[in-house]
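The values are calculated or read from the model by the stated rules, or taken from the named source; none is laboratory data. Quantities reported herein were computed from a predicted structural model and do not represent experimental measurements. Positions of Cβ are backbone-derived with ideal geometry, glycine not excepted, and every protein chain shown enters the neighbour counts.
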Amino acid sequence: MAEKRITLEINNVSKSFAKVENDEVTHALNEISLSLRSGEFVSLVGPSGCGKSTILRLVAGLIMPTTGEITVDGKEITEPSPERGMMFQKSTLFPWLTVEKNIAFSLKMQGKLKGHEEKVERMLKVIGLESFRNDYPGQLSGGMAQRVALMRSLINEPDILLLDEPLGALDAFTRMNMQDEILKIWQEKGQLALMVTHDVDEAVYMGTRVIVMDANPGRVVADIKIDESYPRDRSSKTFVEYRNEILNRLHFGGRD
Ligand SMILES: Nc1ncnc2c1ncn2[C@@H]1O[C@H](COP(=O)(O)OP(=O)(O)OP(=O)(O)O)[C@@H](O)[C@H]1O
Ligand SMILES: [Mg+2]
């Protein structure tokens with residue numbers, strides 16, 4: 001693995017948003033500190049509004065912390081970079097470009113045209129949409145469009161992969177296949193992946209680490225290392241134990 005190894009430090013980061021309609025302030029994140037590095041697959045779970053997307057947007061460099069700082073190898077993040085690839089919670093494709101051209105778009109933007117055809121080919125194959133390559137986004141189902149958006153962010157091979165509920169629009173079977181495909185791509189490159197999901201099962205199945213958050217104010221309440229090799233067995237005793245531990249942290253426990 002000749003990939004660049006990086007360390008991402010989130011140091012005491014808080015983020016507040018002023019509300020448009022009155023003088024109130026939303027404390028989206030309160031004093032978050034995390035240290036993450038290449039080779040980790042970090043799942044972020046927590047109730048709606050606890051600041052998961054805000055963390056990803058901060059790391060992407062789309063917004064700045066109110067206090068604290070975020071660094072990559074000691075260098076503060078101040079703007080977006082192709083080294084930090086983001087798939088948004090509501091990803092939209094460019095409606096005027098075909099499936100193939102949507103996937104290749106960011107490569108072209110960066111002038112990385114060498115070998116781009118093979119890369120696009122591989123991505124189309126992974127998502128099973130080879131025969132849809134010349135279709136436009138308007139002709140795709142919601143799940144198909146989500147798979148294309150996912151590949152559009154993976155194709156750049158960023159050092160940090162930021163995925164905001166990347167599989168939310170997929171049916172259960174496609175979703176399980178795509179979990180394996182994302183893991184395969186991540187394992188090949190060994191980058192740092194930071195993925196938001198509402199699905200605790202998915203968080204444990206994919207993560208080397210699961211970070212559990214709570215809201216009002218947004219904060220980290222648990223940071224759990226998943227000490228299991230891949231591929232994981234969703235029905236194993238340890239898997240179920242991890243899942244129950246996380247559900248308890250999310251206040252959905254009740255059974256041991
Ligand atoms: N640009 C913004 N302006 C004002 N408030 C914002 C902005 N972005 C986020 N917020 C607020 O910050 C809080 C955290 O939002 P965020 O989108 O990070 O939550 P989330 O954990 O991703 O939720 P969900 O699971 O519903 O996607 C929410 O209360 C939200 O209303
Ligand atoms: Mg969100």
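I need the full set of residues from segment 73-106 which are hydroxyl-bearing (Ser, Thr, Tyr) and either in contact with a helix residue (DSSP H, G or I) (Cβ under 8 Å, 6 or more places away or on another chain) or assigned to a strand (DSSP E or B) (or both), in order please. Listed by number, the residues that qualify are Ser91, Thr92, Ser106. Of everything listed in (1) within 25 Å of Leu250 (Cβ to Cβ); (2) within 16 Å of ligand 1 (Cβ to nearest atom), the single unmet condition for Leu62 is (1). Criterion applied to Leu162, Leu170 was being aliphatic (A, V, I, L, M), over 13 Å from Ile103 (Cα atoms) and within 16 Å of ligand 1 (Cβ to nearest atom), and the one residue passing it is Leu162.
Checking each residue in segment 136-146 for being without any contact (Cβ under 8 Å) to a residue 40 or more places away in the chain and within 15 Å of Phe105 (Cα to Cα) picks out no residue at all.
Restricting Pro80, Pro65 to residues that are surrounded by 13 or more Cβ atoms within 10 Å (Cβ to Cβ) and in contact with a Gly (Cβ under 6 Å, 6 or more places away or on another chain) narrows the list to Pro80.
Just to verify a result, which residue in segment 34-55, among those that are in contact (Cβ under 8 Å) with a residue 40 or more places away in the chain and more than 16 Å from ligand 2 (Cβ to nearest atom), is nearest to Phe88 (Cα to Cα)? Among them, the one singled out is Phe41. Checked against the criterion of being of a type in the set (S, T, N, Q) and away from ligand 2 (no atom under 16 Å from the Cβ), the candidates Thr26, Thr78 yield just one match: Thr78.
Yes/no matrix, rows are residues, columns are (1) farther than 28 Å from Ser33 by Cα; (2) in contact with an Asp or Glu (Cβ under 7 Å, 6 or more places away or on another chain); (3) surrounded by fewer than 18 Cβ atoms within 10 Å (Cβ to Cβ):
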position: Glu130; (1), (2), (3): yes, no, yes
position: Ala149; (1), (2), (3): yes, no, no
position: Asp164; (1), (2), (3): no, no, no
position: Val200; (1), (2), (3): no, no, no
position: Thr208; (1), (2), (3): no, yes, yes
position: Pro217; (1), (2), (3): no, no, yes
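Against the list (1) under 21 Å from Ser53 (Cα atoms); (2) modelled with pLDDT of 90 or more, the condition Ala172 fails is (1).
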